[in-house]
Structure formats: C-alpha cells, structure tokens
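The next block holds one structure in the form of structure tokens; read it before the comments.
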Amino acid sequence: MVSRLVVLGSCGGWPEAGRACSGYVLEHEGTRIVLDLGYATLPRLLALLGSPAADGLDAVVVTHAHPDHLVDLHGLFRARWFARREAAPIPLYASAGVLAMVAGLEGGDAAAVTAVFDVHPLPAGPYRVAAFLLESWALPHYVPNAGVRLTAPGLTVAYTGDTGPDAALAELGRDADLYIVDATDRRQQPASASAPPGPQRNLTAQDAAAAAAAAGASRLLLTHFWPGNDRRASYATAAETFSREIFIADEGLEITLPVRPAES
C-alpha cells in the first residue's frame, strides 16, 4: 500500500455544494487512520474503504467536539452498530465532549457508543497506533481542541484541528513531512457572521504558512476553508511566507507520502 493522505473534506463550518467538512485518511504500512469526520465525510470514507460497514479502518482521531469535525462519527457508529456489532471496537482518540455529542444523537446511550469505539482521551498519551506514535497538544479554540502528530519510522504527519495562533504549533509540526493546518480565514467573507469576540481561535492562510515555516515542515496542506473563500487567494497568501510545497485541500485529493529511510 502506498503511503498517502486522502482528503475526505475541506470546508469549515458547513460544506459547500459538492464538498464536505474536515476529514482525512492517513494510509501507511497497511494501516488506515481517519482524522476527523465532519459533515458529508462518511460516504467518502466508506467508498475509499470499499465497505458499507467501514471494514479496514484501524483507528479514528477526532480533534474536537464541533459538528463540522465529528458529526459523521455518528454515522460511522451506526454502520458498525447495525452491521458489525460483534466486531472488536475501533480505537477512537478524541477530545472532551466528542463521546457525549455522539451519544446524545443516540438518546444518550453512551454504552452503545463505547461498545463500538474504544475511547482514549486527547490531549493525552502518547499512544501507540499500529506503526505510529500518536502525540497530542492542547490548542486554543472555542472548545477543547487537540492538535495531533503521528510519527512512524521515516514519516511524520501533523494536524492542527482548529486553532488560533499558539507557540505549540511549531512543536506540533516540527520537521513534519506533511503539516495539515487550519486556514479558515473568515475575513475573506465580510458579509458572513463575524467570529465571536475575544482572542483569535482560527487561523488565516498567512497564519498557517507562518506556523509551518516556524515548524520547519516539508509540506503544508491548507484546509478548513470558510465556505465561499477564494482558495487560490489563500494559496497565494501562504506562498508569500512558506517557500516549500503547498497543497490546497480538495475533496478526493491524494498526497503521496514519501517515506524517508529510518535512522539507524
């Protein structure tokens, strides 16, 4: 299996027509890990797996309890509950509030949810997830949010979830082969409802590029675009600060992840 990252969804807040919200699949050495499952990501995940019950999925990571990052986790729960109830639980690494939100969609039946998912808190660990070491950092957002870093011999992928500017972003993405970074940039949509008052709790494309540059990341994936944003403009802004390769998240985008020789 080629090591790759596949974008299931790229929107923040709610999905544009034909798109989905945050969701990414990391494949490496026969392991498949999904990072977030926002609106409209589940059908894309099931198509990628070739299974209506998500057979072949090894672990789920949910960075925080906002529906544009977790609502399709409920759909995944139902797929497993009704079609694979006797299967071993899927490891779920999730921030505070995620389990309660999914259970709430099932009338508060947390026992059923924990029968399907083996839940581990974030930020915590580190955890061993197949070939990967999963580390996590608390990052500033409107609800508890965990940035995650997945490291295997010769490969590191980091993901911010949603975050405001923070010094921890440099450590999270340190020398990452691919850094997946929130580039919401609600400022592009002045007619949209403004962000809540207080400290900045999402990044712009410029912020994302600065974080990747400070981290020394090899490649940057801009994502979590506010609906209606000009993604080409986001790319151009980021390129002014980050001189290495930049990807714009798009549904179905596949990024091959070259694996470096393991250090002896």
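When residues in the range 118-141 are screened for being modelled with pLDDT of 95 or more, part of a loop (DSSP other than H, G, I, E, B) and closer than 15 Å to LEU172 by Cα, 4 of them pass.
The lone criterion from (1) crowded, with 19+ Cβ neighbours inside 10 Å; (2) under 18 Å from PHE132 (Cβ atoms); (3) out of contact with any Ser or Thr (no Cβ under 7 Å at 6 or more places or on another chain); (4) not polar (S, T, N, Q) left unmet by VAL62 is number (3). Looking at the range 211-248, which of its residues are touching a Gly at 6+ places or on another chain (Cβ under 8 Å), crowded, with 20+ Cβ neighbours inside 10 Å and part of a loop (DSSP other than H, G, I, E, B)? Residues satisfying the conditions are ALA217, HIS224, TRP226. Taking the criterion of being in contact (Cβ under 8 Å) with a residue 40 or more places away in the chain, touching a helix residue (DSSP H, G or I) at 6+ places or on another chain (Cβ under 7 Å) and among the polar types (S, T, N, Q), the only residue of the range 15-48 that qualifies is SER22. Just one residue in the set GLY13, GLY23, GLY18 is out of contact with any Phe, Trp or Tyr (no Cβ under 8 Å at 6 or more places or on another chain), modelled with pLDDT of 95 or more and more than 25 Å from TYR127 (Cα to Cα); that residue is GLY18. Residue pairs whose Cβ atoms lie under 6 Å apart, separated by 6 or more positions or on different chains, with the first residue in the range 154-183 and farther than 20 Å from ASP250 by Cβ and assigned to a loop (DSSP other than H, G, I, E, B) and the second β-branched (Val, Ile, Thr) and modelled with pLDDT under 95, are GLY154/VAL259.
The values are calculated or read from the model by the stated rules, or taken from the named source; none is laboratory data. Not measured: the values here are computed from a predicted model. Ideal geometry is used to build each Cβ from the backbone, glycine not excepted, and the neighbour counts take in all protein chains shown.
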